[in-house]
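Here the structure comes first, spelled out in structure tokens, and everything after it is commentary.
The values are calculated or read from the model by the stated rules, or taken from the named source; none is laboratory data. Keep in mind the model is a prediction, meaning the values are calculated, not measured. Positions of Cβ are generated from backbone atoms using ideal geometry, with glycine treated the same way; all protein chains shown enter the neighbour counts.
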Amino acid sequence: MQKTASLLFLLLIASACQKNNNSEKDLIKKADWLIGNWETKNNIGTLSENWEKVNDSTFKAQSLFIKDKDTIHNESIILQQKGETLSYTTTIKGQNNNKPIRFELNTEIENELLFQNLKNDYPQKISYKKTSKNSLITQISGIQSGKTSTEKYNMVKTK
């Protein structure tokens, strides 16, 4: 009887650990809709973000803003889950001595991700909101030069 109880106890622990590992991986899976190439155009130029899955816990993206044939903005992004934390790390060429800046997932609701780093000069918040299968809104916001600032981009999936 004691062996049976011990075996059941071990199975219960193993099952609980397995469920915990699955729930941890589920967090980045909720961002699967980012995978692909996204673009928006305006009278100044074209902004694109190209997201790909690296592995079960990491996505990466390249963000470019091109005006005519000049690259005005070049940013590398890593979306990575470690344990139960999802972080958004951005490295912008020519800014912050080319050092990465990390934002933590603050809010995750269906089809929306909000990352925050209140210690960053600007932006302090970065969000992605899926508005349909082939469109999303990305927004950066915070305090810039003592004033509230928001930049919003309506992006469409190109592939």
Can you tell me which of (1) aromatic (Phe, Trp, Tyr); (2) farther than 20 Å from Leu27 by Cα; (3) without any contact (Cβ under 8 Å) to a residue 40 or more places away in the chain; (4) surrounded by 16 or more Cβ atoms within 10 Å (Cβ to Cβ) is the one Tyr153 doesn't meet? (3)
If Asp68 passes every condition in (1) over 22 Å from Glu108 (Cα atoms); (2) modelled with pLDDT of 95 or more but one, which one does it miss? (2)
Residue within segment 99-122 that is more than 17 Å from the chain's Cα centre (by Cα) and farther than 18 Å from Thr150 by Cα present: yes
Listed residues Ile28, Ile92; which is surrounded by 15 or more Cβ atoms within 10 Å (Cβ to Cβ), in contact with a strand residue (DSSP E or B) (Cβ under 6 Å, 6 or more places away or on another chain) and more than 21 Å from Lys157 (Cβ to Cβ)? Ile92
Taking segment 42-77 as the search range and keeping residues that are polar (S, T, N, Q) and over 19 Å from Ser135 (Cα atoms), which one is surrounded by the fewest Cβ atoms within 10 Å (Cβ to Cβ)? Asn43
Which pairs do you get when a residue that is free of Cβ contacts under 8 Å to residues at least 60 places away in the same chain and surrounded by fewer than 15 Cβ atoms within 10 Å (Cβ to Cβ), found in segment 131-146, comes within reach of a residue that is among the aromatic types (Phe, Trp, Tyr) and in a loop (DSSP other than H, G, I, E, B), reach meaning Cβ atoms under 9 angstrom, with the pair 6+ apart or on two chains? Ile143/Tyr122; Ser145/Tyr122
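Can you say whether Glu112 is touching a Ser or Thr at 6+ places or on another chain (Cβ under 9 Å), closer than 16 Å to Asp32 by Cα and either of a type in the set (Ser, Thr, Tyr) or crowded, with 17+ Cβ neighbours inside 10 Å (or both), as far as the supplied structure shows? First the steps, then the outcome.
On the way: touching a Ser or Thr at 6+ places or on another chain (Cβ under 9 Å): yes; closer than 16 Å to Asp32 by Cα: yes; either of a type in the set (Ser, Thr, Tyr) or crowded, with 17+ Cβ neighbours inside 10 Å (or both): no.
So Glu112 fails the test.
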